[in-house]
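S.K.: Take a look at this one; I'll ask things after.
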Amino acid sequence: MTDEPRSHPFRHSHQDVEAADRIPDTPQTRAPAYRLAFTDNDFMCREELRPVRLQLELLKPQMIMDERGIQSTIVLMGSARIPAKGEEKGRATDALAGWYEEARKLARLITERSMDSYGRENVIVTGGGPGIMEAGNRGAHEAGGHSIGLNIVLPHEQAPNSYVTPDLCFNFHYFAVRKMHFLMRARAICIFPGGFGTLDEMFETLTLIQTGRMKRVPFLLFGRDFWETVINWQALADAGTISPDDLSLFQYVETAEQAMEIIGEWSNGFRD
């Protein structure tokens, strides 16, 4: 993060952090109460500090992306279990295997267009993990651009995929804040076949758009056969639990080229 000129004459917090490391070792200075509050991990992780942690987790990625000049993003979501062609199968059915390459192609095409704005607009953002997420970051990397990865700490070991731009790779504790960052700059949402996590992200976004809490953007579901098998959208409308008009909030696509055409035609899509 950049060092901005200070607008006040007070001592910099870094100076006190360094000074605190040089204090004499005494029972008083070893006591947890004596630690600087903002460097005390035990204090910061207390239940009462949850509102502060939420704010920090929202602010850090926001400030870094602002400093990088990122104005808008294209969101790619999908299963972590769909591997690249030639890699070990067993994580997804053969019918889904081709979506890795389609996501990779889409990210490459979007990033090539993004380079026209010096990589500030329509930057690819994924969850930063394997599978479809890796494909998105990989396509952006192959186009010579940067991409964002929004990783999250999980009970099992997980590391960001190697294609995420390192200084745009973030780690989250709160799913809710992570999902906010997926959507805060979104110009389009591209949903590939996936499981619980993908469904969670998809339905929350659709709910925000349906209820007017988020501006409508292109919402693309890749693979009509998959999505109509997994979700009986028409049954929801027939039952009256959603409006028939809600079925127009999303579109099915089968290829990266179809997605590019829709995003390009949207009123707030790619710049001419």
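The values are calculated or read from the model by the stated rules, or taken from the named source; none is laboratory data. All values reported here derive from a predicted model rather than from experimental measurement. Cβ coordinates were reconstructed from backbone atoms using ideal geometry, including for glycine residues, and neighbour counts include every protein chain displayed.
S.K.: List the residue pairs whose Cβ atoms are under 6 Å apart, where the first residue sits in the range 239-257 and is of a type in the set (S, T, N, Q), the second is at pLDDT 95 or above, and the two are 6 or more positions apart or on different chains.
M.R.: Short answer, once both residue conditions are applied: GLN251/LEU220.
S.K.: A further question on this structure: Identify the single condition in (1) surrounded by 21 or more Cβ atoms within 10 Å (Cβ to Cβ); (2) closer than 23 Å to PHE203 by Cα; (3) out of contact with any Pro (no Cβ under 9 Å at 6 or more places or on another chain) that GLY129 does not satisfy, given that it satisfies every other one.
M.R.: The single condition GLY129 does not satisfy is (3).
S.K.: Let me ask something additional. Which residue out of ILE263, ILE242 is farther than 28 Å from SER117 by Cβ, buried (at least 16 other Cβ atoms within 10 Å of the Cβ) and aliphatic (A, V, I, L, M)?
M.R.: The conditions single out ILE242.
S.K.: Still on this structure: Which condition does LEU96 not pass, out of (1) closer than 16 Å to GLU201 by Cβ; (2) among the aliphatic types (A, V, I, L, M); (3) crowded, with 18+ Cβ neighbours inside 10 Å, if it passes all the others?
M.R.: Status for LEU96: all satisfied but (1).
S.K.: Return the residues of the range 187-204 that are closer than 30 Å to LEU49 by Cβ and either surrounded by fewer than 21 Cβ atoms within 10 Å (Cβ to Cβ) or free of Cβ contacts under 8 Å to residues at least 60 places away in the same chain (or both); say none if nothing qualifies. Show your work before the answer.
M.R.: Within the range 187-204, the first condition is being closer than 30 Å to LEU49 by Cβ, and the residues that meet it are 196-197, 200-201, 204.
Within the range 187-204, PHE196, GLY197, ASP200, GLU204 qualify.
S.K.: Turning to a different aspect of this structure: Which of the numbered conditions does GLY212 fail, given that it passes all the others? Conditions: (1) under 22 Å from the mean Cα position of the chain (by Cα); (2) in a helix (DSSP H, G or I); (3) not β-branched (Val, Ile, Thr).
M.R.: GLY212 satisfies every listed condition except (2).
S.K.: List the helices (runs of 4 or more DSSP H) that sit entirely inside the range 11-114 and contain at least 3 residues that are among the β-branched types (Val, Ile, Thr), under 30 Å from the mean Cα position of the chain (by Cα) and at pLDDT 95 or above.
M.R.: Once the helices (runs of 4 or more DSSP H) in the range 11-114 are filtered for at least 3 residues that are among the β-branched types (Val, Ile, Thr), under 30 Å from the mean Cα position of the chain (by Cα) and at pLDDT 95 or above, nothing remains.
A quick yes/no check of all residues on (1) at pLDDT below 95; (2) under 15 Å from LEU76 (Cβ atoms); (3) not in a strand (DSSP E or B); (4) not charged (D, E, K, R):
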position	(1), (2), (3), (4)
GLN158	yes, no, yes, yes
ARG178	no, yes, yes, no
HIS181	no, yes, yes, yes
ALA188	no, yes, no, yes
PRO193	no, yes, yes, yes
GLU201	no, yes, yes, no
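S.K.: Of these, ARG120, ARG68, which one is without any contact (Cβ under 8 Å) to a residue 60 or more places away in the chain, under 28 Å from ILE262 (Cα atoms), of a type in the set (Lys, Arg) and out of contact with any Lys or Arg (no Cβ under 6 Å at 6 or more places or on another chain)?
M.R.: None of the others qualify; the one that does is ARG120.
S.K.: Could you check, for the range 243-258, whether at least one of its residues is closer than 20 Å to TYR100 by Cα and among the charged types (D, E, K, R)?
M.R.: yes
S.K.: Right, something else. Test GLY264 against the criterion of being assigned to a helix (DSSP H, G or I) and either modelled with pLDDT under 95 or touching a Cys at 6+ places or on another chain (Cβ under 7 Å) (or both), and give yes or no. Write out each step before concluding.
M.R.: Working: assigned to a helix (DSSP H, G or I): yes; either modelled with pLDDT under 95 or touching a Cys at 6+ places or on another chain (Cβ under 7 Å) (or both): yes.
Yes; evaluated as a whole, the condition is true for this residue.
S.K.: Checking the conditions here, which among SER79, SER72, SER117 is in contact with an Asp or Glu (Cβ under 8 Å, 6 or more places away or on another chain) and polar (S, T, N, Q)? Full working, then the answer.
M.R.: Details: SER79 fails: in contact with an Asp or Glu (Cβ under 8 Å, 6 or more places away or on another chain); SER117 fails: in contact with an Asp or Glu (Cβ under 8 Å, 6 or more places away or on another chain).
The match here is SER72.
S.K.: Just to be sure, is LYS60 of a type in the set (Lys, Arg), in the same structural domain as HIS181 (by TED's automatic domain parsing) and in contact (Cβ under 8 Å) with a residue 12 or more places away in the chain?
M.R.: Answer is no for this residue.
S.K.: Report, by residue number, each residue of the range 132-152 that is surrounded by fewer than 24 Cβ atoms within 10 Å (Cβ to Cβ), part of a loop (DSSP other than H, G, I, E, B) and either without any contact (Cβ under 8 Å) to a residue 12 or more places away in the chain or not aliphatic (A, V, I, L, M) (or both).
M.R.: Of everything in the range 132-152, those that are surrounded by fewer than 24 Cβ atoms within 10 Å (Cβ to Cβ), part of a loop (DSSP other than H, G, I, E, B) and either without any contact (Cβ under 8 Å) to a residue 12 or more places away in the chain or not aliphatic (A, V, I, L, M) (or both) turn out to be GLY144, GLY145, HIS146.
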